[in-house]
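Each value in this text was obtained by applying a stated rule to the coordinates, not by laboratory testing. Note that the structure is a prediction, hence the values are computed from the model and not measured. All Cβ positions, glycine included, derive from the backbone under ideal geometry; neighbour counts span all protein chains shown.
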Amino acid sequence: MTVTLPDGSTLDLPEGATGADAAAAIGPGLAKAAVAVRVGEEIRDLARPLADGEAITIVTPKSGDDYLWVMRHSAAHVLAEAVQRIVPGAKFGFGPPIDDGFYYDFDLPAPLSEDDFEAIESEMRKIVAAKEPFERTVMSVDEAREYFAGRGDEYKVDQIDELAKRGETEVSIYRQGDFVDLCVGGHVHHTGEIGPVKVLSLAGAYWRGDEHNPQLTRIYATSFPTAKELEAHLERLEQARARDHRKLGRELELFYFDDAGPGMPFFLPKGMAIINTMNEALKGELDAMGYEEIGTPTILSDELWKTSGHWDYYRDNMYLTEVDGQGYAVKPMNCPGACLVYKSRRRSYRDLPIRLAEFGHVHRHERSGVLHGLFRARAFTQDDAHIYCRQDQVEGEVRAILDLIERFYTRFGFSDVQMKLATRPEKAIGEAAVWDAAESALRAALGDREYDLKEGDGAFYGPKIDFHVTDTMGREWQLGTCQLDFNLPERFELQYQTEEDTQARPVMIHRAVFGSIERFLGILIENSGGDFPFWLAPVHARVLPIADRHADYARSVAAALEAGGLRAEVDDRSESVGRRIRDGELAKLPYLLIVGDAEEESGQVSVRARHGEDEGASPVAEVVSRLADRLDEHG
């Protein structure tokens, strides 16, 4: 039997050899350090046999994400065992590792709260100290069903039935201590190899993500190899909590959510001030690049979505209705409407490229369990553009999009931008030659820019370039995209008249800069901690009159600021000036302008900048001019 190692070399092993045998054959040091073995996309226990021709990688504590996955997967089982000890009668759902931690879903006879976290962690530490081995057993589907049914654990029985429907005849069972779980593995050798643990939070989660099923209690936790790494992670979480866009959205009076529209944000005046400024900045760029803005209906005939193909693949995420016996759907995306606009009149090669931009409000039926503020909402706005062009124009159009996105993200403080080129997937429409030409055009447009290649990860209708940014907390976000589409022009029979007076299909480029404007705002709030760049701040300056007799003068100062294109307000509450200054600082206002007798008599204001020392008194006109000049700082 021969297996392939990460460097491309091969290793000959006897039939039935395991991952542990492979590690030992490579060297005693690796055998000692080995924790698990990666076989293709699967991470397995070292004790499982390998097969001829498999590509393997031995997982050790130096294996980065693979090692963390194995350790946290094992820690999820320890969490379940701890809950089993604390809450007799608990039933068990899923317990996978996730980014930065793991969770486990429980059906509990008695509720848990944050007050129980220390008791859970204490039990987990005892289990880790006991060094309980993870023992794997293989059972037939029928044996496993009978075993878990006898334990009264209907969620495991449901999982087994689902596996049986997929054609599985055997399942693996893992035991550590007195806890038994249905699991594919892999795991560390024993619980003592799990690092420090911390229980983080509770949440509700429907079984299998379906709101028609029972709601379970999801416990989130994490584990790291060392206490130092865990502490650093907890500090990052604390910073993230302080910057949570949902928290800051309420405190800064930007947006909120209401039970009247679950998952659909209500934007307040200050939030709309930011969104309008964002949109105006992008529209200025688009105007200069020859885009034309369109608007398409929010509700469209279901026949449109059948033509586009969304009906077959996306219907469960669409809101449906009926008018005069005709089926309609609230649009989940803008693309089909743009195709109708293109098709509304004859097009010539002289017209191309046609660049149609739309700030379209869309709605998607997201399950309640996945909603997350502005990051995952049921109603949001896409800054879509759809470009219709000839194949020979693709490279130039894509290059302009890349330049736009890089330039535009810099305005918002995102300088670390990565691009990822995704190529033809296994299941794709269109001729291979057309795909090759499209991918070549994308590569040429990327030029000497650095990018990651994602082989086979393109959309079924064409290759694409996705844009990722890294925020101030080191988190990566996927934002904009540039996608080539051969599908919708075919489905909608889009044509243009060629120079030879024949008909040809245009290439359709889907392009988004923000992606979702609301989601982009949520990321921006957390990236800045609500301390927005001056040009984007919802209020540029707040004027504070020292006493009631200065209120009229304060309002005249605010009017002068507004006449200069600035957003200003007056805080003339009866609170002390010190209290109002403090409130202004908490509101993260760029400038506080204080006026009293001396300022009113001299036609000045005392300027207090958020970032910097008190600037003293200056004439109102001078302050207006100085702040107005700052509006151009975003480039």
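Alpha carbon centre of region 405-448 versus region 541-569: separation in Å?
One Cα centre to the other: 49 Å.
Specify which residue in the list Ser440, Gly369, Tyr591 is farthest towards the positive end of the charge dipole of the chain, using unit charges on the beta carbon of Lys, Arg (+1) and Asp, Glu (-1), about the Cα centre.
Toward the positive end, the furthest listed residue is Tyr591.
Can you list which of the GluC sites (Glu not before Pro) found in region 528-635 are DSSP loop residues with at most 11 other C-beta atoms within 10 Å?
Here the sparse-neighbourhood loop sites are Glu613.
Please compute the modelled spin-label separation between Glu490 and Ala288, points set 7 Å along Cα→Cβ, answer in nm with one decimal.
Here the answer is 3.8 nm between the modelled labels.
How high is the relative contact order of region 564-609, in percent, counting Cα pairs under 8 Å that sit 6 or more residues apart?
28
Once the piece of chain linking Ala25 and Ala119 is laid out straight, how much longer is it, given 0.36 nm per residue of separation minus the C-alpha distance between them?
Taking Ala25 through Ala119 to full extension adds about 29.5 nm, to one decimal.
Per DSSP H run of at least 4 residues, take -39500 (n - 2.57); add these up for the chain, divide by its residues and hand me the 222 nm value, nearest 500 deg cm²/dmol.
-11000 deg cm²/dmol
Hey, how many Å between the Cα centroid of region 361-378 and the Cα centroid of region 207-271?
13
Return an integer: the convex hull volume of the alpha-carbon atoms of region 360-460, in Å³ per residue.
Cα-based convex hull of region 360-460, divided per residue, equals 160 Å³.
Select from Phe267, Pro6, Pro425 the residue farthest towards the positive end of the dipole of the chain; place +1 on Cβ of Lys and Arg, -1 on Cβ of Asp and Glu, and compute about the Cα centre.
Looking along the dipole axis, the top candidate is Phe267.
Specify which residue in the list Gly295, Asn527, Cys389 is farthest towards the positive end of the charge dipole of the chain, using unit charges on the beta carbon of Lys, Arg (+1) and Asp, Glu (-1), about the Cα centre.
Gly295
Hey, how many Å between the Cα centroid of region 1-72 and the Cα centroid of region 584-631?
Value for the Cα centre distance between the two parts: 66 Å.
Given Cβ point charges of +1 (Lys, Arg) and -1 (Asp, Glu) and nothing else, what value in debye, to the nearest 20, does the dipole of the chain about its Cα centre take?
Taking the Cα centre of the chain as origin, the dipole is about 240 debye.
Would you mind checking Lys32/Lys198; Lys270/Lys588; Lys62/Lys228; Lys131/Lys156; Lys427/Lys464; Lys420/Lys464 for any pair whose Cα atoms are more than 18 angstrom apart?
Lys32/Lys198; Lys131/Lys156
Take the chain, mark every one of the trypsin sites (Lys or Arg not before Pro) that falls in a DSSP loop and has at most 10 other Cβ within 10 Å, then report the longest stretch left between them, sites excluded.
Longest run free of exposed loop sites: 428-635.
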